[in-house]
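Visitor: What follows is a structure written as structure tokens; I'll ask about it next.
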Amino acid sequence: MDIRDLFGIRLPIIQAPMAGSQNHQLAAAVSMAGGLGSIPAGMLNAETLDAELNAMAALTDRPYNVNFFCHQPAAIEPEREQAWLDLLAPFLREHQIDPASIPAGATRKPFDAAMAEVVERYRPAVVSFHFGVPAPELLQRVRATGAKILSSATTLEEGRWLQEQGVDAVIAQGVEAGGHRGMFLSEDIDTQVGTFALLPQLVTSLDVPVIAAGGIADTRGVAAARTLGAAGVQVGTAYLLCDESRTSALHRQALQSPGADSTVLTTLFSGRPARGMINRLIRELGPRPAAVPAFPLAGNAIGSLRATAEPQGISDFSPLWAGQNASGCQAIPAAQLTRALAAGWPD
């Protein structure tokens, strides 16, 4: 079964959820073109998610996906927080930011009962999770709406675990993928492998459909994923320059520069490994220093630096998320890109 049958869509293309770079407009454009648009809820609360889904419903009645983080909330460790502020001290001084002014607490919350209520109200066709799946009672509430449930696996072990939890399909997230790694059974970066190494392992070992993600930017990547047994593909980076995306001007500029050819997995912006383009912060501190607090607590201090630097046209502290293959990025309508990608999966 490919994902056209599973989700009731015409094209086997999922637009990857990209928090901070999109809203319902991109998702709706992809869904109306026949693919599966995705709304990222990782940075939303129940009220803002309700508004997003209401706006989505006003644009289309086609199937769409809503994506949630389901990480374990991090405990604040004062010594580690102070070590993080000490590491950032030169940048804070440079931009005249008082460390005492930096907010405390989590900037992102995992899927919870309030979010489940929104899902029950709107009943999206697909609900996907990052960092595993939520607690059984919350997962059952989502399943009871009739939604198909997806989650990302970055290793064979994670794929098998997700199948045991009853997901309807597994996203094989290769190490090439931009943004946050979906890894949840291990924190060891050395366990992460490429899409076309991971995909056939999962296809062979699992009974549920497997969706390829990471490094797929054109028809050749789509065709290769199909050859290796994928049920469909999920594409993120290629959509970042599309007309309907909300990618910032600084991020767009970076995607169209030679710097887009060089990305790295870094914990600097949130506390979890995520792939993005190299900027000053990464160059000067290294991509994964030990002082970075647990996810998502690192985001507070970085957010203060971003708020000061970005209005000056400075991307030194901005998370310029991108996968290893930005060659498919085009400033075109998302529907056009979706149809172009699907040409690599002829009937």
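The values are calculated or read from the model by the stated rules, or taken from the named source; none is laboratory data. Please read these numbers as outputs of a predicted model, since none were measured by experiment. Counting neighbours? That spans all protein chains shown, and the Cβs are built from the backbone with ideal geometry, glycine included. Note: areas computed on protein heavy atoms with side chains; ligands, DNA, RNA excluded. Shrake-Rupley method; radii C 1.70, N 1.55, O 1.52, S 1.80 Å.
Visitor: With P287, P296 as the choices, which residue is assigned to a loop (DSSP other than H, G, I, E, B) and under 27 Å from G37 (Cβ atoms)? Walk me through how you get there before you give the answer.
Guide: Working: P287 fails: under 27 Å from G37 (Cβ atoms).
Of P287, P296, the one residue that is assigned to a loop (DSSP other than H, G, I, E, B) and under 27 Å from G37 (Cβ atoms) is P296.
Visitor: So, in region 22-48, of the ones that are part of a loop (DSSP other than H, G, I, E, B) and open to solvent by 10 Å² or more (accessible area, probe 1.4 Å), which residue ends up nearest to R252 (Cα to Cα)?
Guide: The initial filter retains those residues of region 22-48 that are part of a loop (DSSP other than H, G, I, E, B), namely 22-23, 33-35, 41-45.
In the following step, the residues that additionally are open to solvent by 10 Å² or more (accessible area, probe 1.4 Å) were identified as 22-23, 43-45.
Numbers: Q22: 13, N23: 16, M43: 21, L44: 23, N45: 27 Å.
That would be Q22.
Visitor: Report the residue count in region 49-88 for those that are of a type in the set (S, T, N, Q), open to solvent by less than 60 Å² (accessible area, probe 1.4 Å) and closer than 22 Å to P134 by Cα. Break it down into steps so the answer makes sense when it comes.
Guide: If we filter region 49-88 for residues that are of a type in the set (S, T, N, Q), which is where we start, we get 54, 60, 65, 67, 72, 82.
This time we only want the ones that are open to solvent by less than 60 Å² (accessible area, probe 1.4 Å), so: 60, 65, 67.
Within this subset, residues satisfying the condition of being closer than 22 Å to P134 by Cα are 65, 67.
Adding up the residues that qualify gives 2.
Visitor: Suppose the filter is in contact with a strand residue (DSSP E or B) (Cβ under 6 Å, 6 or more places away or on another chain) and open to solvent by 10 Å² or more (accessible area, probe 1.4 Å); does P200 pass it? Break it down stepwise before answering.
Guide: Details: in contact with a strand residue (DSSP E or B) (Cβ under 6 Å, 6 or more places away or on another chain): no; open to solvent by 10 Å² or more (accessible area, probe 1.4 Å): yes.
Taking the combined requirement at face value, the residue does not satisfy it.
Visitor: Something else: Kindly indicate whether any position in region 118-129 is in contact with a Lys or Arg (Cβ under 7 Å, 6 or more places away or on another chain), assigned by the TED database to the domain that holds F7, within 28 Å of Q173 (Cβ to Cβ) and not in a loop (DSSP other than H, G, I, E, B). Can you show your working first?
Guide: We begin by selecting, within region 118-129, every residue in contact with a Lys or Arg (Cβ under 7 Å, 6 or more places away or on another chain); these are 120, 125-126.
Within this subset, residues satisfying the condition of being assigned by the TED database to the domain that holds F7 are 120, 125-126.
Next, only the ones that are within 28 Å of Q173 (Cβ to Cβ) stay: 120, 125-126.
Still in the list and also not in a loop (DSSP other than H, G, I, E, B): 120, 126.
Yes, some residue in region 118-129 is in contact with a Lys or Arg (Cβ under 7 Å, 6 or more places away or on another chain), assigned by the TED database to the domain that holds F7, within 28 Å of Q173 (Cβ to Cβ) and not in a loop (DSSP other than H, G, I, E, B).
Visitor: OK, next. When you scan region 144-166, how many residues do you find that are closer than 20 Å to V193 by Cβ and open to solvent by 10 Å² or more (accessible area, probe 1.4 Å)?
Guide: Selection size over region 144-166: 6.
Visitor: Out of all the residues in region 329-347, is one or more part of a loop (DSSP other than H, G, I, E, B), closer than 20 Å to L250 by Cα, in contact (Cβ under 8 Å) with a residue 24 or more places away in the chain and open to solvent by less than 20 Å² (accessible area, probe 1.4 Å)?
Guide: Looking through region 329-347, none of the residues is part of a loop (DSSP other than H, G, I, E, B), closer than 20 Å to L250 by Cα, in contact (Cβ under 8 Å) with a residue 24 or more places away in the chain and open to solvent by less than 20 Å² (accessible area, probe 1.4 Å).
Visitor: Still on this model: Output the residue which, of all residues in region 4-39 that are of a type in the set (A, V, I, L, M) and touching an Asp or Glu at 6+ places or on another chain (Cβ under 7 Å), is farthest from T247 (Cα to Cα).
Guide: Filtering region 4-39 for residues of a type in the set (A, V, I, L, M) gives 6, 9, 11, 13-14, 16, 18-19, 26-30, 32-33, 36, 39.
Narrowing the set further to residues that are touching an Asp or Glu at 6+ places or on another chain (Cβ under 7 Å) leaves 6, 26, 29, 39.
Details: L6: 30, L26: 11, A29: 15, I39: 14 Å.
My answer is L6.
Visitor: Counting just the residues of region 162-209 that are among the β-branched types (V, I, T) and in a helix (DSSP H, G or I), which one comes out nearest to A225 (Cα to Cα)?
Guide: Here is the first cut: in region 162-209, the ones among the β-branched types (V, I, T) are 167, 170-171, 175, 189, 191, 193, 195, 203-204, 208.
With in a helix (DSSP H, G or I) added as a condition, the list becomes 189, 191, 195, 203-204.
Numbers: I189: 23, T191: 21, T195: 9, V203: 11, T204: 14 Å.
The qualifying residue nearest to A225 (Cα to Cα) is T195.
Visitor: Considering only residues that are in contact (Cβ under 8 Å) with a residue 60 or more places away in the chain and more than 16 Å from the chain's Cα centre (by Cα), look in region 216-229 and name the one that is most open to solvent (accessible area, probe 1.4 Å).
Guide: Step one: filter region 216-229 for residues in contact (Cβ under 8 Å) with a residue 60 or more places away in the chain, giving 216-223, 226.
Those still in the list that are more than 16 Å from the chain's Cα centre (by Cα) too: 218-223, 226.
Values: D218: 40, T219: 57, R220: 181, G221: 12, V222: 0, A223: 40, R226: 93 Å².
That would be R220.
Visitor: Continuing with the same structure: Taking into account only those residues within region 244-275 that are charged (D, E, K, R) and in a helix (DSSP H, G or I), which is nearest to I302 (Cα to Cα)? I'd like the intermediate steps shown before the answer.
Guide: Within region 244-275, the first condition is being charged (D, E, K, R), and the residues that meet it are 244, 246, 252, 261, 272, 275.
Next cut, in a helix (DSSP H, G or I) only: 252, 261.
Details: R252: 20, D261: 24 Å.
Checking each candidate, the answer is R252.
Visitor: Checking T266 against (1) within 28 Å of D188 (Cβ to Cβ); (2) surrounded by fewer than 22 Cβ atoms within 10 Å (Cβ to Cβ); (3) at pLDDT 95 or above, only one condition comes out false. Which one?
Guide: Status for T266: all satisfied but (2).
Visitor: Residue check: is A19 open to solvent by 10 Å² or more (accessible area, probe 1.4 Å), touching a strand residue (DSSP E or B) at 6+ places or on another chain (Cβ under 8 Å) and aliphatic (A, V, I, L, M)? Can you show your working first?
Guide: Numbers: open to solvent by 10 Å² or more (accessible area, probe 1.4 Å): yes; touching a strand residue (DSSP E or B) at 6+ places or on another chain (Cβ under 8 Å): yes; aliphatic (A, V, I, L, M): yes.
In short, yes.
Visitor: I'm trying to understand the selection: among the residues of region 307-325, which are open to solvent by 20 Å² or more (accessible area, probe 1.4 Å) and farther than 24 Å from G182 by Cβ? Show your work before the answer.
Guide: Residues of region 307-325 that are open to solvent by 20 Å² or more (accessible area, probe 1.4 Å), as a first pass: 307-308, 310-316, 319, 321, 324-325.
Scanning region 307-325 gives A307, T308, E310, P311, Q312, G313, I314, S315, D316.
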